[in-house]
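Below: one structure, written as structure tokens.
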Amino acid sequence: MVISGRKKVLITGSSGLIGSEAVTHFDRKGWEVHGLDNNMRRDFFGPDGDTTWNLNRLKQCTTHFLHHHRDIRDRQGTLDLLKELCPDLIIHCAAQPSHDLAKDRPFDDFDVNAGGTLNLLEAARRTCPESPFIFTSTNKVYGDAPNEVPLVELETRWEYARQEDYPGISENCRIDTSTHSLFGASKLAADVMVQEYGRYFQMPTVCLRGGCLTGPHHSGAELHGFLSYLAKATRENRKYYIFGYKGKQVRDNIHSHDVCTFFEEFYRSPRSAAVYNLGGGRENSLSVREAIARFEALMDKKLHVEYVDQNRTGDHICYISDLRRIHADYPGWHQEYTLDRILAEIATVNDKETPA
């Protein structure tokens, strides 16, 4: 039951990984939490992507949460909901999230990622322009420009060759004249629009360019959800395909809880048209090969791996988020989840159950 008189937060994609974590986070803080989700993830990814289990979990474990089965592509419906709620905070997590799927469903990808974001921004401008608008963007907005950083090949991973690149890819990396994938292009359109609403209309907005966002409540599928799906493949004896780069491609990983604590930090001290990389950083980075070895050890099982020599178009070889800007602007925020803690949690929890 939702109780009036509380702060209100609207969370899109509320049954997904980050959205559901935000639901429980703000529910525990005593907020009135409104989730918007239509389980489009099942349509995109099939049974592996179905988030019904997570919605049911949220209904059972929250006190002030109300679910709205809505589609952000519905412009008038989105405006009507924002007008009705007039939330104090908007957290936009809904997306078509797959680098690979976008090429097969380009209109769905763009309509959800770019069009849906514009619908929310304009509805917010008309109804609650002073409420912070948080957009979960992606490092794919940089396209494959990060691949131009000189690399050295180590035994289990690719690594930056120059000392000055050691902290990772910064927000100054260019966003054009590179190959993005259609997903990266649609998210970039949304990213720039979120910035523009911040600058042009002086709205408090932020684009959070995520690395690999992870956690136990991820409906991992082969086309999206690196660590979650890798753990699932190991657990269920599925064949796991590695696409190119010798399996040494590197990603940094941030736990969904740590993403949500930054949401709260931004709400407390919002900025206009802010842009931050939000990932695990160097300490939480590992390659595909390294991740496989870690899960095999944690689960005491051997993964069935098949290597495909062709890498995914526009994919990053080595991507580590440079977190210096976000730490400079928000020195009180820090990550609680180390890489070891993240991997152990994902390895031991069934992705269709609430962890103990």
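If ARG251 meets every condition in (1) in contact with a Leu (Cβ under 8 Å, 6 or more places away or on another chain); (2) farther than 30 Å from PRO204 by Cα; (3) among the basic types (Lys, Arg) apart from one, which number is that one?
(2)
Could you tell me whether any residue of region 144-151 is over 15 Å from the mean Cα position of the chain (by Cα), loosely packed, with under 15 Cβ neighbours inside 10 Å and outside any strand (DSSP E or B)?
Taking every residue of region 144-151 in turn, at least one turns out to be over 15 Å from the mean Cα position of the chain (by Cα), loosely packed, with under 15 Cβ neighbours inside 10 Å and outside any strand (DSSP E or B).
Filtering region 74-89 down to residues that are part of a loop (DSSP other than H, G, I, E, B) and touching a Cys at 6+ places or on another chain (Cβ under 8 Å), which residue is surrounded by the fewest Cβ atoms within 10 Å (Cβ to Cβ)?
Checking each candidate, the answer is CYS86.
Quick one: in region 152-179, of everything that is under 16 Å from LEU278 (Cα atoms) and hydrophobic (A, V, I, L, M, F, W, C), which residue is farthest from the chain's Cα centre (by Cα)?
For region 152-179, the residue satisfying everything is CYS173.
Could you tell me which numbered condition ALA328 fails, if it satisfies all but one of (1) part of a helix (DSSP H, G or I); (2) farther than 25 Å from VAL141 by Cα?
Failing condition for ALA328: (2).
Would you point out the residue of region 125-143, among those that are in contact with a helix residue (DSSP H, G or I) (Cβ under 6 Å, 6 or more places away or on another chain) and assigned to a helix (DSSP H, G or I), that is farthest from THR179 (Cα to Cα)?
This residue is THR127.
Do you know which of the residues in region 58-73 that are charged (D, E, K, R) and either assigned to a loop (DSSP other than H, G, I, E, B) or under 20 Å from the mean Cα position of the chain (by Cα) (or both) is farthest from GLN96 (Cα to Cα)?
ARG70
Exactly one condition in (1) part of a helix (DSSP H, G or I); (2) surrounded by fewer than 16 Cβ atoms within 10 Å (Cβ to Cβ) is false for GLU21; which is it?
Going through (1) part of a helix (DSSP H, G or I); (2) surrounded by fewer than 16 Cβ atoms within 10 Å (Cβ to Cβ) one by one, GLU21 breaks only (2).
Output yes when any residue across region 298-311 is modelled with pLDDT under 95, within 19 Å of PRO146 (Cβ to Cβ) and in contact with a Gly (Cβ under 8 Å, 6 or more places away or on another chain), and no when none is.
Checked against the condition, which is being modelled with pLDDT under 95, within 19 Å of PRO146 (Cβ to Cβ) and in contact with a Gly (Cβ under 8 Å, 6 or more places away or on another chain), region 298-311 yields at least one hit.
Yes or no: GLU306 farther than 16 Å from GLY210 by Cβ, more than 19 Å from the chain's Cα centre (by Cα) and part of a strand (DSSP E or B)?
In short, yes.
May I ask you to list pairs of residues, at least six apart or on different chains, whose Cβ atoms are under 9 Å apart, with the first in region 58-75 being within 14 Å of THR12 (Cα to Cα) and among the charged types (D, E, K, R) and the second being assigned to a strand (DSSP E or B) and modelled with pLDDT of 95 or more?
Every condition considered, the pairs that remain are ARG70/THR12; ARG70/LEU36; ASP71/LEU36.
Do we have GLN195 as at pLDDT 95 or above and under 15 Å from ARG312 (Cβ atoms) here?
It is false that GLN195 is at pLDDT 95 or above and under 15 Å from ARG312 (Cβ atoms).
For residues that are within 25 Å of ILE242 (Cβ to Cβ), out of contact with any Asp or Glu (no Cβ under 7 Å at 6 or more places or on another chain) and touching a residue at least 24 places away in the same chain (Cβ under 8 Å), tally how many sit in region 145-181.
10
Out of (1) among the charged types (D, E, K, R); (2) over 18 Å from the mean Cα position of the chain (by Cα); (3) modelled with pLDDT of 95 or more, the odd one out for GLU265 is which?
(2)
Within region 31-51, is even one residue more than 17 Å from the chain's Cα centre (by Cα), closer than 19 Å to LEU85 by Cα, among the aromatic types (Phe, Trp, Tyr) and in a loop (DSSP other than H, G, I, E, B)?
Checking region 31-51: at least one residue is more than 17 Å from the chain's Cα centre (by Cα), closer than 19 Å to LEU85 by Cα, among the aromatic types (Phe, Trp, Tyr) and in a loop (DSSP other than H, G, I, E, B).
So, in region 16-41, of the ones that are small (Gly, Ala, Ser) and modelled with pLDDT of 95 or more, which residue ends up nearest to ASP71 (Cα to Cα)?
GLY35
The values are calculated or read from the model by the stated rules, or taken from the named source; none is laboratory data. Every value quoted in this text rests on a predicted model; they were computed, and no experiment measured them. Here the Cβ is made from the backbone with ideal geometry for all residues, glycine too, and neighbour counts use every protein chain on show.
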